[in-house]
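Working notes for the structure below.
No lab work stands behind these numbers, since they all come straight from the coordinates. Being a predicted model, the structure only gives us computed values, none of them experimental. When we count neighbours, we look across all protein chains shown, and the Cβ atoms used for this are built from the backbone with ideal geometry, even at glycine.
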Amino acid sequence: MINFPNIHNSNVVTLSRALLALSFLLTLVFTPLYDLFPTQHLILIKQNVEYSLHLNFFLWFDNIKIPYIISIVVLLLSIFGLFPRYMSILQFWVSFSVYHSALVTEGGDQINSILSLLFIPLCLSDNRKNGWYSKKNYNQNSQKSNLFLYNSFVALLFIKIQISLLYFNAGVAKIYAPEWSNGSAVYYWFYDPTFGAPHWFDFLFGFFFKNDITVTIINWSVIFLEIIIFISFFLKQKFKYLIFPIAILFHFLIILVHGLPSFFLSMSGCLVIYLLNVEISIKENLKIIKQTFNIYSYVNK
């Protein structure tokens, strides 16, 4: 019998979904409502609704506060991990609607919406009341449960392929961009008037970006790391544990430099489902990561 990954013994999937939900929740809560969804902007969208955009429930109501409140409630329930089988569908619906209604969005929002969709077939097999807790009495021997686990395996594999290709494209595409190939791209992003680093960060670390050698190293380190994250798809789990905290730190630095917390949360959600073991708990994953780094630290002494 083939043993497919059993996500019911783990809360890793729930953590990934929670990070995605938190990303949109923070955007909704900390952005003025009519700055995020200007009335005139929604009117223009309603005039050009086609195909799947009819599912955007922000266009169903004249009072924008109704879909706004619905979205917050759904995202909170997703973070709490309640009824993953059903909330995964509603979470995607909210993500899709917010992404296609907000005046200003960024790449993390698009990734968030797509990944939320891909989570649906993975979560349809999850009949737990709360995804933060494992279901130890789950029957893995029945034909129905094996079918669910097979579907989960295929969905999880497809999600990981999508994330690996995302990083592959991010890394390789930079090589062909003149600013990245000559090592100057991070300098221009660091001092960009809109997305550049805050003054305190520039004061502490700005000299790294003004020196030809260090700025080039930083520039190519970004490309190298993104390609390594892509390659991790083919690596054993023990190597993924080494890459995970480095990748998280990389995206956290984007918050400090560019001030994009929602992007950090979306990409962290990707990295959790991509690099961690979905068959064991978050606590067990973190314990193994700690042990892995302790072993490598001891070997290198």
- Task: Fewest Cβ neighbours within 10 Å first, please rank 160, 65 accordingly.
- Result: 65, 160
- Which trypsin sites (Lys or Arg not before Pro) does segment 197-240 hold that lie in a coil by DSSP with at most 13 other beta carbons within 10 Å? 210, 236
- Note on the structure: TM-like helix rule applied to the chain (DSSP H, alpha carbon span at least 15 Å on the long axis, mean Kyte-Doolittle at least 1.0) gives 12-30, 65-80, 107-123, 212-231, 237-258, 261-275
- Query: Taking the chain as the region of interest, what is the percent of Cα-Cα pairs per 20 angstrom bin, listed from the shortest bin to the one with the maximum distance?
  - Reply: 30, 56, 15, 0
- Computed for segment 225-301: size of charge dipole around the Cα centre, +1 on C-beta of each Lys and Arg, -1 on C-beta of each Asp and Glu, debye to nearest 20, value 300
- Message: Taking the Cα centre as origin and putting +1 on Lys and Arg beta-carbons and -1 on Asp and Glu beta-carbons, what dipole magnitude results for segment 145-301, to the nearest 20 debye?
- Response: 620
- Task: Please report 199, 41 as a ranked list, fewest other C-beta atoms within 10 angstrom at the top and most at the bottom.
- Result: 199, 41
- If we count every other residue with Cβ under 14 angstrom of residue 155's Cβ, Lys/Arg +1 and Asp/Glu -1, where does the sum land? +2
- Just how large is the dipole of the chain about the Cα centre, in debye to the nearest 20, putting +1 at every Lys and Arg Cβ and -1 at every Asp and Glu Cβ? 1360
- Please list, in chain and number order, the residues 5+ apart from residue 82 or on another chain whose amide H is under 5 Å from its amide H, with Hs placed from the backbone. 131
- Message: Can you give me the Kirkwood hydrodynamic radius for segment 155-301, using every pair of distinct Cα atoms, in Å to one decimal?
- Response: 16.7
- Query: Can you flag which of 65/174; 236/283; 174/238 are past 30 Å Cα-Cα?
  - Reply: 65/174
